[in-house]
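What follows is one structure encoded as structure tokens, with my remarks underneath.
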Amino acid sequence: MPLRLHDSLTRELRELRRPDPADPTDVFRFYNCGPTVYAPAHIGNFRTFVVNDVIRRLLELEFGAAKVKHVRNLTDVDDKTIRRAREEGRPLGEVTRQWTEKFHADCAALNCLPPHVEPTATGHIREQVDMIDVLMKKGNAYRAPDGSVYFKVSSFDGYGRLSRVKERELQVGSALAGKSQAADADEKEDVSDFALWKAHKPEDGANAWDSPWGRGRPGWHIECSAMSKKHLGETIDLHTGGVDLLFPHHENEIAQSECCNGTPFAKHWYHSEHLLVDGKKMSKSLGNLYTLDELVAKSFSPMALRYALLMGHPRKQLNFTLESLHAAEKALATLRAFRAALPATGGEANAFATVFAALHEELNTPAALGALFTLVNRGPAGIDAAAFDRVMFALGLKLDAPAAPKADTPAAITALADKRWAAKTAKDFATADALRKELTAAGWSMLDRKDGYSLEPAKK
Ligand SMILES: [Zn+2]
């Protein structure tokens, strides 16, 4: 069954390239823009990562796990990460390591497969400098008086093909793209040009590297061009990200890569849409910027969040509500009970053809869940556990996910929490209270639920 995804570049539903099964070196090259590691990711970020995880799983099922190479980067140096490190008076690497570990723990809880390579921007300075060097030599970039290097947008005819920005909108878009862009606008020859290399500023502190243009750090866009080239080659099969990255980030990636390499950058572009919360855009001021921990603290399971994020078509805005998590928990309980009643073998091989048809045709996850429940409501006749588990693998739904403490919790803290839970269960409330105080003093809060507890670092 061919795997067809909407292509943001051609605006068409297109079949993904099928790697040659006879050629062991031919793999499907999948690049997905990763997080900026300076704070916990919110559920809007996780919508993109969960959708990408379903793509990864479908690719593996369709082409074979060994025929798929998935790369997702970590942005570990930029304005936000540096500002966070400065505010906390900590080295940049320590801050980004903390949030990388948190991101990994959240991804594991949401059952997202880890990418095969997870390159970091700071680990690929040389590759980025090399690319900028080529762009300078080819006349696609120039050094500004302050030592920053900019990409000359007018040097690339293909600019704007992905986002379809017209000349005027391009200038407005660049001005809106970030305050830092506006701040160094007077250094640029043209307002739409963007930074490849940022000259060192006092607020960058120790976070600077040598380059042929002076000390500084790479711009954000160049990291994805450099890391995808290093780990996947000059032309990749599928490049994905949230729709917020389409312009200017992905437009800039195309410009950098195609001018540097002289080859097409990505054969297929896919963008998932925004997540709304209670009908509104997520924002700190509205207090609706949920993290996974906040939902777990409200006694929801990470799997319920994953399910709820799949309830909307990935290319349409999805309105997230806490009620949708209740519905997701119920649906998971139904699937769990259905699975328990299935024989191990003896079912029809294509029992879930309607589910896979919905997934393969434009990643229609709500239609796939609808088709799944049509079958579940009909009963287990003709269905075996192996076929059912294949559907659960595709959707990444783990039905046996235990309410385990998080992996990044120190063992001594988990031991204290276990002791307190046992005391509470035995109605020894004095001991339970004393142990809670010990946990608080150690900087952890313990959240009780019906069937267990969760732990999280106490808010300061
Ligand atoms: Zn990127």
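For the reader, a short list of remarks on this structure follows.
- Checking each residue in the stretch 82-124 for being part of a loop (DSSP other than H, G, I, E, B) and not hydrophobic (A, V, I, L, M, F, W, C) picks out 89, 90, 91, 111, 114, 115, 116, 118, 119.
- Summed over the stretch 273-289, the residues that are in contact with a Lys or Arg (Cβ under 9 Å, 6 or more places away or on another chain), crowded, with 17+ Cβ neighbours inside 10 Å and under 22 Å from residue 52 (Cβ atoms) give a count of 2.
- Those strands (runs of 3 or more DSSP E) of the stretch 187-247 in which 3 or more residues are within 20 Å of residue 163 (Cβ to Cβ) occupy 194-199, 238-242.
- Only a single criterion out of (1) open to solvent by less than 40 Å² (accessible area, probe 1.4 Å); (2) modelled with pLDDT of 95 or more; (3) under 22 Å from residue 164 (Cβ atoms); (4) within 16 Å of the ligand (Cβ to nearest atom) is not satisfied by residue 178, namely (2).
- Criterion applied to 30, 46 was being within 16 Å of the ligand (Cβ to nearest atom), crowded, with 23+ Cβ neighbours inside 10 Å and at pLDDT 95 or above, and the one residue passing it is 30.
- Filter result for residue 60 (at negative phi and out of contact with any strand residue (DSSP E or B) (no Cβ under 9 Å at 6 or more places or on another chain)): no
- Single unsatisfied condition, residue 239 versus (1) in contact (Cβ under 8 Å) with a residue 60 or more places away in the chain; (2) within 13 Å of the ligand (Cβ to nearest atom); (3) out of contact with any strand residue (DSSP E or B) (no Cβ under 6 Å at 6 or more places or on another chain); (4) not charged (D, E, K, R): (3)
- Restricting 427, 398 to those that are at pLDDT below 95, open to solvent by 40 Å² or more (accessible area, probe 1.4 Å), among the basic types (Lys, Arg) and assigned to a loop (DSSP other than H, G, I, E, B) reduces the list to 427.
- Subset of the stretch 238-268 [of a type in the set (Phe, Trp, Tyr) and crowded, with 21+ Cβ neighbours inside 10 Å]: 265
- A single entry from 78, 53, 23 fulfils the requirement of being within 16 Å of the ligand (Cβ to nearest atom) and not polar (S, T, N, Q): 78.
- Residues satisfying the stated conditions in the stretch 208-231, i.e. under 19 Å from residue 48 (Cβ atoms), among the hydrophobic types (A, V, I, L, M, F, W, C) and open to solvent by 10 Å² or more (accessible area, probe 1.4 Å): 220
- Residue 18 being more than 16 Å from the ligand (Cβ to nearest atom) and surrounded by fewer than 21 Cβ atoms within 10 Å (Cβ to Cβ): yes
The values are calculated or read from the model by the stated rules, or taken from the named source; none is laboratory data. None of the values given here were measured: they were computed from a predicted structure. Cβ atoms come from the backbone with ideal geometry, glycine included; neighbour counts cover every protein chain shown. Accessible surface areas use protein heavy atoms only, side chains included; no ligands, DNA or RNA. Shrake-Rupley method; radii C 1.70, N 1.55, O 1.52, S 1.80 Å.
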